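Structure first, then comments.
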Amino acid sequence: MEILPNFSLKKYNSFGIEAKAKQFIAVHSTEDLKTILQENKSQRKFILGGGSNMLLTKDIDALVIHIDLKSKKIIEEDDNFVWVESQAGENWHEFVLWTIDQNFGGLENMSLIPGNVGTTPIQNIGAYGTEIKDTFVSCTAMTIENQKNKTFTKDECHFGYRESVFKNEAKDQYVITSVVFKLTKRNHKINTSYGDISLELEKNNITNPSLKDVSNAVIAIRQSKLPDPKELGNSGSFFKNPILLKSDFEKIHQEFPEMKYFDISETQVKVPAGWLIEQAGFKGKRFGDAGIHKNQALVLVNYGNATGQEILNISKDIQETIFKTFGIRIEAEVNVI
Ligand code: EPU
């Protein structure tokens, strides 16, 4: 195992931002991870997964440990369900396709989300009406401080909308090394209720969709709206959709009756930040090499040589304008480093 000094992270973050790690190492086994953590106790450390949910605004003055643990397997099954375990470094989309190929149901709506399996619990990734908390069983994590393994059950993860214990109480204390999901072997719960999916299936005259059909529909929708990070640097949704109290929302809605919204409980409403950003006139705008995507205003993009600071400045400008225009605060979803 070789620690590399002054290492460019451009290929390790989906925004494609040029920033340097003071030191960098990729670990391919939990034993190596343990050794590296033990041998570098006094060093500042930064854990890097797929790099698909972060904005680098500066060089990282730390030992960057890239989690590249691979393998996925069935660990248990009965007539109806299968429990699959994936190591943290597996690419999420390849993992999803592997489950669909075996006709295991539950992850199909989350096809083509960038990133690695190990980071999915951190922000409870989700798309098209499904979140990983719906199939998540547990994850194993190693403490950075003393290299003990701990299993987090679903309850212990405190999942919320793009939220978990790993963004709060447990922040910066653990490296997630593997995740277990419980998937269906039959009686799949096909979920096409998210508008775009049913439209896409109708377009292809599919009335009784298989897991693969749903996955293909999601892939087609994502490809039509969301830029491929390999072609245009981005980190998916840059902001979370804001959640408002119904009573607050109703006042705003009177002033902006065309505002889109989704009821999420008796007292709360979610407003699509993409709609707010589009109405505020930012969609498709470009400032130097940084911009707002033309098909989905929630996605900020790097046209080539944008700095993290330039993208951060645009995000702040958007937040201020949205607040001035609608009185709504929107929060970043990506981790700003
Ligand atoms: N909208 C606009 N203009 C835009 C974008 C969206 O008016 O530029 C409106 C749409 O017309 C629609 C509503 O906003 O009525 C919702 O749009 P969409 O279905 O594209 O979803 P989203 O709420 O913008 C969320 C997730 C995405 C996920 C999609 C589909 C968050 C922060 N984002 O986006 O997740 O793919 O739903 O489920 O919750 C990600 O987290 O990186 C991500 C891409």
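(1) modelled with pLDDT of 95 or more; (2) closer than 28 Å to Gln309 by Cβ: which one isn't true of Gly50, the others all being true?
The one condition Gly50 does not meet is (1).
Looking only at strands (runs of 3 or more DSSP E) that fall completely inside segment 2-114, which ones have 3 or more residues that are free of Cβ contacts under 8 Å to residues at least 40 places away in the same chain, acidic (Asp, Glu) and not assigned by TED's automatic domain parsing to the domain that holds Thr143?
Answer list for segment 2-114: none.
Does Glu266 satisfy the condition of being closer than 18 Å to Lys324 by Cα and either assigned to a loop (DSSP other than H, G, I, E, B) or open to solvent by 70 Å² or more (accessible area, probe 1.4 Å) (or both)?
no
For segment 200-226, give me each residue that is in a loop (DSSP other than H, G, I, E, B) and surrounded by 19 or more Cβ atoms within 10 Å (Cβ to Cβ).
Those that are in a loop (DSSP other than H, G, I, E, B) and surrounded by 19 or more Cβ atoms within 10 Å (Cβ to Cβ): Pro209, Leu226.
Give the residue, chosen from Asp263, Asp289, Asp248, that is within 16 Å of the ligand (Cβ to nearest atom), among the acidic types (Asp, Glu) and in contact with a strand residue (DSSP E or B) (Cβ under 9 Å, 6 or more places away or on another chain).
On inspection, the qualifying residue turns out to be Asp263.
How many residues does segment 315-334 hold that are more than 12 Å from the ligand (Cβ to nearest atom), open to solvent by 20 Å² or more (accessible area, probe 1.4 Å) and assigned to a loop (DSSP other than H, G, I, E, B)?
Count: 2.
Pairs only if they're at least six apart or on different chains, beta carbon under 9 angstrom, first in segment 255-270 and on the phi < 0 side of the Ramachandran plot, second within 10 Å of the ligand (Cβ to nearest atom) and open to solvent by 90 Å² or more (accessible area, probe 1.4 Å); list them, first residue then second.
Listed by first residue and then by second, the contacts come to Phe256/Gln279; Glu258/Gln279; Met259/Gln279; Val269/Tyr261; Val269/Phe262; Lys270/Tyr261; Lys270/Phe262.
Among the residues of segment 218-244 satisfying the criterion of being away from the ligand (no atom under 11 Å from the Cβ) and in contact (Cβ under 8 Å) with a residue 24 or more places away in the chain, which is farthest from the chain's Cα centre (by Cα)?
Leu244
Any chance you could count how many residues in segment 280-314 are of a type in the set (A, V, I, L, M) and assigned to a loop (DSSP other than H, G, I, E, B)?
Adding up the residues that qualify gives 4.
Please state which one of Glu90, Glu108 is among the acidic types (Asp, Glu), touching a strand residue (DSSP E or B) at 6+ places or on another chain (Cβ under 9 Å), open to solvent by 10 Å² or more (accessible area, probe 1.4 Å) and at pLDDT 95 or above.
Result of the check over Glu90, Glu108: Glu90.
Inspect segment 298-309 for any residue being touching a helix residue (DSSP H, G or I) at 6+ places or on another chain (Cβ under 7 Å), under 26 Å from Ser8 (Cβ atoms), within 16 Å of the ligand (Cβ to nearest atom) and not assigned by TED's automatic domain parsing to the domain that holds Lys11 and give the result as yes or no.
yes
Scanning for something open to solvent by less than 20 Å² (accessible area, probe 1.4 Å) and among the acidic types (Asp, Glu), does segment 112-135 turn up at least one residue?
No, that holds for no residue.
The values are calculated or read from the model by the stated rules, or taken from the named source; none is laboratory data. If you're wondering where the values come from, they're calculated on a predicted model, not measured in any experiment. Cβ atoms come from the backbone with ideal geometry, glycine included; neighbour counts cover every protein chain shown. We work out accessible area using only protein heavy atoms, side chains counted, and drop any ligands, DNA or RNA first. Shrake-Rupley method; radii C 1.70, N 1.55, O 1.52, S 1.80 Å.
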